[in-house]
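A.B. asks: Before I ask anything, here is the structure I am working with.
What follows is calculated from the coordinates using simple rules that are stated; it is not laboratory data. Since we're looking at a predicted model, the values are computed, not measured. Methodologically, a virtual Cβ is constructed for each residue, glycine included, from the backbone with ideal geometry; neighbour enumeration extends over all protein chains shown.
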Amino acid sequence: MFVPPCPDLDKCSVESLYGHTYLFCESKKTWYESEADCVSVGGNLVSVSDAGEDAWLLVTSDDYSKRKKWWIGYTDEQQEGDWEWSSGELPNYENWKSGEPNNAGSGCGEDCGILYKTGWDDRQCDQDYYYICELDFLCEPPDDEPCDDDD
Ligand SMILES: [Ca+2]
Ligand SMILES: [Ca+2]
Ligand SMILES: [Ca+2]
């Protein structure tokens, strides 16, 4: 089976779980820029399907950057209160923090989801946060050390 090389996105670290590839990207971008980056490598911002994936994402993201906020692919921009995954996956599980989503923000509401510590929060899509991409295939990580056969 052909396994493609992992995408090389700036400041993104590759992880895998159950046949999917995840990129934990430690550069701050808007939700739209983050989603575009994920699409450019054949995926989308992460779709959280169940409690197992959610727990793994929380632990793994915290290993990279403690207590940071990360964009996920959940958005209600099309229709207020009607949350959808950017990947097209049908919503099946949610883990909003207490009191969220509250569509707060300065007049324009909040239409894009983040993962933060123990749950999710809706935020304004044009704010800048780290982000997590999900690709529905595995990839081959680059060699840790460049080989030099002449040594
Ligand atoms: Ca998923
Ligand atoms: Ca909203
Ligand atoms: Ca909120």
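A.B. asks: Relative contact order of the chain, please, whole-number percent, based on alpha carbon pairs below 8 angstrom and at least 6 residues apart.
C.D. replies: Across the chain, relative contact order equals 35 percent.
A.B. asks: Modelled label-to-label distance, A36 and D50, 7 Å Cα→beta-carbon offset: nm?
C.D. replies: Modelled inter-label distance: 3.5 nm.
A.B. asks: Let me ask another. Would you please name the chymotrypsin sites (Phe, Trp or Tyr not before Pro) within the stretch 10-46 that are DSSP coil residues with at most 12 other C-beta atoms within 10 Å of their C-beta?
C.D. replies: Filter output for the stretch 10-46: Y18.
A.B. asks: Rounding to the nearest 20 debye, state how big the charge dipole of the chain is about its Cα centre with +1 on each Lys and Arg Cβ and -1 on each Asp and Glu Cβ.
C.D. replies: So the magnitude is around 820 debye.
A.B. asks: May I pose another question? For the stretch 106-144 and the stretch 13-46, write down the distance between their C-alpha centroids in whole Å.
C.D. replies: 8 Å
A.B. asks: Any chance you could give the angle, 0 to 90 degrees and rounded to 10, that helix 51-64 forms with the longest Cα principal axis of the chain?
C.D. replies: That helix lies at roughly 70 degrees to the long axis.
A.B. asks: Would you please give the FRET efficiency between K28 and N103, computed as 1/(1 + (r/R0)^6) with r the Cβ-Cβ distance and R0 = 22 Å, to the nearest 0.05?
C.D. replies: Working from the Cβ atoms, E equals 0.45.
A.B. asks: Same structure, new question: Return the FRET efficiency for the residue pair S16, E80: r is the Cβ-Cβ distance, R0 is 41 Å, and the value is rounded to the nearest 0.05.
C.D. replies: Efficiency, from the Cβ-Cβ distance: 0.70.
A.B. asks: Assign one of three labels to the stretch 22-135, namely rounded, prolate or oblate, based on the Cα gyration tensor with a ≥ b ≥ c the square roots of its eigenvalues; rounded applies when a/c is under 1.5, prolate when it is not and a/b is larger than b/c, and oblate otherwise.
C.D. replies: rounded
A.B. asks: Follow-up question, since we're still on this one. Quick one: helix 31-40 against the long Cα principal axis of the chain, what's the angle to the nearest 10°, folded into 0 to 90?
C.D. replies: Helix 31-40 sits at roughly 30 degrees to that axis.
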